[in-house]
1. Would you work out which of ALA100, ASN12, THR66 lies farthest towards the positive end of the dipole of segment 1-124? Charges go on Cβ: Lys and Arg +1, Asp and Glu -1.
2. If you take every DSSP beta bridge whose two residues both sit in the chain, what share of them, in percent to the nearest 5, is antiparallel?
3. Mind sorting out which of (1) 63, 39, 38; (2) 55, 42, 38; (3) 47, 42, 41 is the real Cα extents along the principal axes in Å computed from the coordinates?
4. In segment 2-299, with Lys and Arg counted as +1 and Asp and Glu as -1 at Cβ, which of these residues, VAL52, TYR185, ILE165, has the Cα nearest the positive end of the dipole, that is, farthest along it?
5. Which aspartates and glutamates have a Cα less than 14 Å from the Cα of LYS29, not counting those fewer than 8 places away in the same chain?
6. Where the Cα atoms of segment 136-253 are projected onto their three principal axes, how long is each span, largest first, in whole Å?
7. Which whole-number percent is the relative contact order of the chain (Cα, under 8 Å, 6+ apart)?
8. Modelled label-to-label distance, ALA105 and GLU258, 7 Å Cα→beta-carbon offset: nm?
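Rule-based calculations on the coordinates, nothing more; no lab input. Since the model is a prediction, treat every value here as computed from it, not as a measurement. Cβ coordinates were reconstructed from backbone atoms using ideal geometry, including for glycine residues, and neighbour counts include every protein chain displayed.
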Amino acid sequence: MKIVYSDLYDLNLGDHVFPSVKYKLTKEKLLRDGAARPEDFVEPVPATDADVALVHESGYLRKLQTGTLTFADILRLEIPYSPELIRAVWLAAGGSILAARLALADRAAVTLGGGFHHSFPGHGEGFCVIHDVAIAIRRLQKDGAIRTAMTVDCDVHQGNGTAAIFAGDPGVFTFSIHQEHNYPYPKPPSSLDVNLEDGTADDEYLAALDDGLRQSFAALKPDLVFYLAGADPYREDQLGGLKLSLGGLEHRDRLVFEHARIQGVPVAVALAGGYARHLGDTVRIHAATVRAALEFAVQTGA
């Protein structure tokens, strides 16, 4: 199984609650632990402007590329604008396209970035500039590589941009399991939303996830699953209010892959959010997700 990564994934945010250095640290941990070898990593190329335009409105893209976002636009993003930021998110979209293609070939692939699920066609918000996963799905659909897709979003925050982009599209099933009383407000409806109460812990979460996955695959057997494996349901996350343990999050990953294995569906993974009080915990959670993907690839013969 291949792992898509670039040093340029770093969003260059400086002292910010979103620690984009986590991408590099996750790669280093995987190598240090022997979970991956240097040759397992592949470098993406940026998405083309035509790729990004499959999802996003031309006026919004023009503002991003020319540095003409309004003050209100930047407030909504909640991250500072810079040319390095735009380079990073175009590259993340290219990474998700590559991970999707590799997953179709090898049954599984991971990009150590992406999962920017709060981005809408005409604006970004919640640290998300452009929607890399939606861009990847639309690009593969345009190429004829897939007809249908499913997003399984286990970030603590509902995937509002994903829900809005694919609303009314029978070819893409959007499943989001998240903390109900948390960002974003409002929450446009996904194909299936599982709204969890504050403080939900391992057992209740895993039962709800299992049921949600059963419902999702009963509604659509997709050509590809995109798993947004947020680390922020962790009980020590600064921006979350769920109470999953490290072991519970590992069980979560295995459950997603087990359902995909039963259905015979390839899985592309993007890491999405993660804001633990101790950065090492976020890195540990992300690395465990990659290990679960590697196990899935072995089980499916990739």
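1. Farthest towards the positive pole: ALA100.
2. Values: 2 of 32 bridges.
Roughly 5 percent of the DSSP beta bridges within the chain come out antiparallel.
3. (3)
4. Most positive-ward Cα: VAL52.
5. Here the aspartates and glutamates satisfying the reach criterion relative to LYS29 are ASP40, ASP281.
6. For segment 136-253, the Cα extents along the three principal axes come out at 42, 28, 21 Å.
7. Numbers: 642 pairs, mean separation 61.1, N = 302.
Answer for the chain is 20 percent.
8. Going from the ALA105 label point to the GLU258 one covers 3.1 nm.
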